[in-house]
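The values are calculated or read from the model by the stated rules, or taken from the named source; none is laboratory data. Predicted model, so just to flag it, every value in this text is computed and none were measured. Cβ coordinates were reconstructed from backbone atoms using ideal geometry, including for glycine residues, and neighbour counts include every protein chain displayed.
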Amino acid sequence: MTGSETIAVTGATGQLGRLVIADLLARTPTPHIIAMVRTPAAAQDLADRGVELRAADYEDPAAVAAALTGVDKVLLISSSAVGQRAAHHRSVIEAAAAAGVTLLAYTSILHADTNPMLLGTEHRETEALLAASGLPYALLRNGWYTENYTAAALPAVQHGAVLGSSGDGRISSAARADFAAAAAAVLTSTEEQAGKVYELAGDSAYTLSDYAAELARQSGKPVAYQDLPEADFAAALESMGLPAALAKALADSSVQTKAGALFDDSGDLRRLIGRPTTPLAETVAAALATAG
């Protein structure tokens, strides 16, 4: 990578986007970073650190195209709008192709080509769009963030239960910061990245029973895993305020975990970031400390 490279990050004000930008800013030479954001006023902190802000809404292809003008590389962080992702991603892919970017890295899902989760469908559609685009691209097939679970660590401790439909399925999750570091590594690598497919997952796998046991160990309170039928888990998620469609998708994801949808032992993530991935216990400790 040369210091003159310009890297654009979509979804830059999201949790992953902010971590990627922080990692890019810490690298030498520091690339010119463009944060593509829906509302620039919400990203003033990034501007204060020397990041260029460009307004871009997935629903506005012209704005997306303008935001990618002069960009060398782009990180397409998957849209959070389940059911609209493929359309959102298409606008970025088409604009990137028109702009002649030298690499587009996309945050897909673990084993996207075979992953049976409902959430995998739009990722496969996006990967197909990339394959047909003529763009040089790399696939960052992200596994689960450990924070997907630890975000609800305090309620789990308070109620003494972790809910799910995963049975004894093993989950190779990693901290969100690990995935951010991998994205930054690919974007700044001096090696050719076009055509690379990375299956990104944590070094150690665990079951939700193991996760509940870790919560119990660190909190000093009894916490057990309660395995529910898929429909019951979806209903429980809805009762917590999740939209029905998202609750259904997450319950399906939990069920598919039984068959290994979230397990991987390739070591791709560890090799990309040059260190072991963040242990479950560390992310649990951080969540409980924040909650407490």
Kindly indicate the residue of the stretch 67-93 that is at pLDDT below 95 and hydrophobic (A, V, I, L, M, F, W, C) and also nearest to residue 138 (Cα to Cα) among those meeting that condition. 86
State all residues of the stretch 52-88 that are surrounded by 21 or more Cβ atoms within 10 Å (Cβ to Cβ) and under 16 Å from residue 16 (Cα atoms); if no residue qualifies, say none. 74, 75, 76, 77, 78, 79
Please work out which residue is farthest from the chain's Cα centre (by Cα), limiting yourself to the stretch 196-249 and to residues that are farther than 30 Å from residue 270 by Cβ and basic (Lys, Arg). 221
Can you name the condition, by its number, that residue 100 falls short on among (1) small (Gly, Ala, Ser); (2) in contact (Cβ under 8 Å) with a residue 40 or more places away in the chain; (3) at positive phi? (2)
Can you tell me how many residues within the stretch 137-189 are under 21 Å from residue 232 (Cβ atoms), without any contact (Cβ under 8 Å) to a residue 60 or more places away in the chain and polar (S, T, N, Q)? 2
Only one residue in 282, 199, 214 is charged (D, E, K, R), closer than 24 Å to residue 85 by Cα and in contact (Cβ under 8 Å) with a residue 60 or more places away in the chain, so which one is that? 199
Spot the failing condition for residue 96; the list is (1) over 30 Å from residue 202 (Cα atoms); (2) surrounded by 18 or more Cβ atoms within 10 Å (Cβ to Cβ); (3) of a type outside the set (D, E, K, R); (4) at pLDDT below 95, and only one is missed. (4)
Note on the stretch 126-184: residues in a strand (DSSP E or B), under 18 Å from the mean Cα position of the chain (by Cα) and not basic (Lys, Arg) are 137, 138, 139, 140, 142, 145, 171, 174
Residues being in contact with a strand residue (DSSP E or B) (Cβ under 7 Å, 6 or more places away or on another chain) and not small (Gly, Ala, Ser): count how many of those fall in the stretch 177-206. 10
Starting from the stretch 51-64, take each residue that is under 17 Å from residue 32 (Cβ atoms) and free of Cβ contacts under 8 Å to residues at least 60 places away in the same chain and list its partners that are part of a loop (DSSP other than H, G, I, E, B) and of a type in the set (S, T, N, Q), counting only C-beta distances under 8 angstrom and pairs at least six apart or across chains. 56/10
